[in-house]
Amino acid sequence: MKKIIIFILFSLISFTACSNNSNTNNEEDTITNEIQIDNNNYSNETLKVGIYIYDYPVLHLTNDNAGGFDYDLMHEIADASDFEIQFVPMQFSDLIQSLLRDDIDIIIAAMAITEDRKKIVNFSDRYLTAGQSIAVTKENTNITTTNDLIGKTVGVIKDTVSDMILSKMEGIRQIKRFEIAGSAFISLKVESIDAVLIDKLTGINYIRYDNDLQIVDTIEYPEIGYGIAVRKEDNILLDKINSGLKKIKANGTYQKIVDKYL
């Protein structure tokens with residue numbers, strides 16, 4: 001009889017323990033799912049935004065403080081879609097690889113939406129369009145068409161659309177690749193290169209304050225759209241970025257940034 005009672009008590013204890021474990025597991029599963037949902041919504045984490053300190057008006061430094069069109073735009077998009085961001089400056093040529101390594105979560109750096117880039121990252125809706133331009137010294141009257149670049153040494157920012165365009169041209173004597181726009185323009189001023197191929201926004205702004213340089217008005221390039229890049233799998237984040245962009249366009253904030261910088 002004692003054995004039977006002991007067996008019954010043991011069975012009840014085991015059943016209670018299993019029930020408690022089951023409840024605990026369910027609670028843990030619920031908490032885990034909630035954390036995963038929060039992460040997918042990007043509401044409880046700070047996302048790292050890769051930027052390239054290019055030049056005014058897109059992204060620039062003033063007294064060691066970053067600013068510019070892309071900088072303000074990304075802030076407003078994050079506020080509109082309720083996620084936190086932290087800017088991470090780096091060279092333009094390192095941006096996509098850093099994104100793919102998960103070192104950063106977003107890229108905004110006047111990055112042109114190209115078919116090659118679309119194969120490895122996803123882009124937001126276009127937030128700006130710009131063409132390319134050729135900058136030369138004020139005294140230079142020998143470069144008026146793209147064919148005049150043949151046999152010349154031309155500077156570009158490494159891995160930008162300008163670099164891609166120039167790399168496809170035949171007959172260029174030498175392509176000099178720079179990390180920042182300022183270095184390219186200095187080389188042009190001291191005549192170590194013959195011309196600079198650069199996005200039109202930066203080119204026009206730069207020569208506005210430098211009487212030694214000019215944009216070749218007779219050379220036109222098609223405009224191309226700029227987009228904000230994320231990893232291929234980050235569709236929820238992409239939706240939040242596009243949603244934020246639409247909101248600030250609708251409420252007039254986007255136009256205020258355009259008026260401020262462009």
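The values are calculated or read from the model by the stated rules, or taken from the named source; none is laboratory data. Everything numeric here is computed off the predicted structure, so don't read it as measured data. Note that we place each Cβ from the backbone using ideal geometry, even for glycine, and neighbour counts take in every protein chain shown. These accessible areas exclude ligands, DNA and RNA; they are computed on the full protein's heavy atoms, side chains included. Shrake-Rupley method; radii C 1.70, N 1.55, O 1.52, S 1.80 Å.
Put simply, of Ile120, Ile77, Ile108 the only residue that is farther than 24 Å from Gly252 by Cβ and aliphatic (A, V, I, L, M) is Ile120.
Against the condition touching a residue at least 12 places away in the same chain (Cβ under 8 Å) and of a type in the set (Val, Ile, Thr), how does Thr141 come out, does it pass? No, not satisfied. If you go through the range 168-181 and keep only what is modelled with pLDDT of 90 or more and under 22 Å from Thr129 (Cβ atoms), you end up with just Lys168.
Whether any residue in the range 72-89 is at pLDDT below 95 and farther than 26 Å from Asp259 by Cα is what I want to check. Within the range 72-89, none of the residues are at pLDDT below 95 and farther than 26 Å from Asp259 by Cα. Does Gly182 fit the bill of being touching a residue at least 60 places away in the same chain (Cβ under 8 Å), touching a Ser or Thr at 6+ places or on another chain (Cβ under 7 Å) and not hydrophobic (A, V, I, L, M, F, W, C)? No, not satisfied. Determine, yes or no, whether Asp212 is touching a residue at least 12 places away in the same chain (Cβ under 8 Å), acidic (Asp, Glu) and in contact with a helix residue (DSSP H, G or I) (Cβ under 7 Å, 6 or more places away or on another chain). Spelling it out, Asp212 is indeed touching a residue at least 12 places away in the same chain (Cβ under 8 Å), acidic (Asp, Glu) and in contact with a helix residue (DSSP H, G or I) (Cβ under 7 Å, 6 or more places away or on another chain). In the range 96-116, the residue that is farthest from Glu179 (Cα to Cα) out of those that are open to solvent by less than 40 Å² (accessible area, probe 1.4 Å) and at pLDDT below 95 is Thr114. Being closer than 18 Å to Val258 by Cα, open to solvent by 70 Å² or more (accessible area, probe 1.4 Å) and basic (Lys, Arg): is that true of Arg126 here? When the stated conditions are applied, Arg126 passes them.
State which residue is farthest from Ala250 (Cα to Cα) when the search covers only the range 81-92 and only residues that are open to solvent by 30 Å² or more (accessible area, probe 1.4 Å) and either among the polar types (S, T, N, Q) or in a helix (DSSP H, G or I) (or both). Out of the qualifying residues, it is Gln91. A residue that is open to solvent by less than 20 Å² (accessible area, probe 1.4 Å), in contact (Cβ under 8 Å) with a residue 24 or more places away in the chain, part of a strand (DSSP E or B) and in contact with a strand residue (DSSP E or B) (Cβ under 9 Å, 6 or more places away or on another chain) occurs nowhere in the range 235-252.
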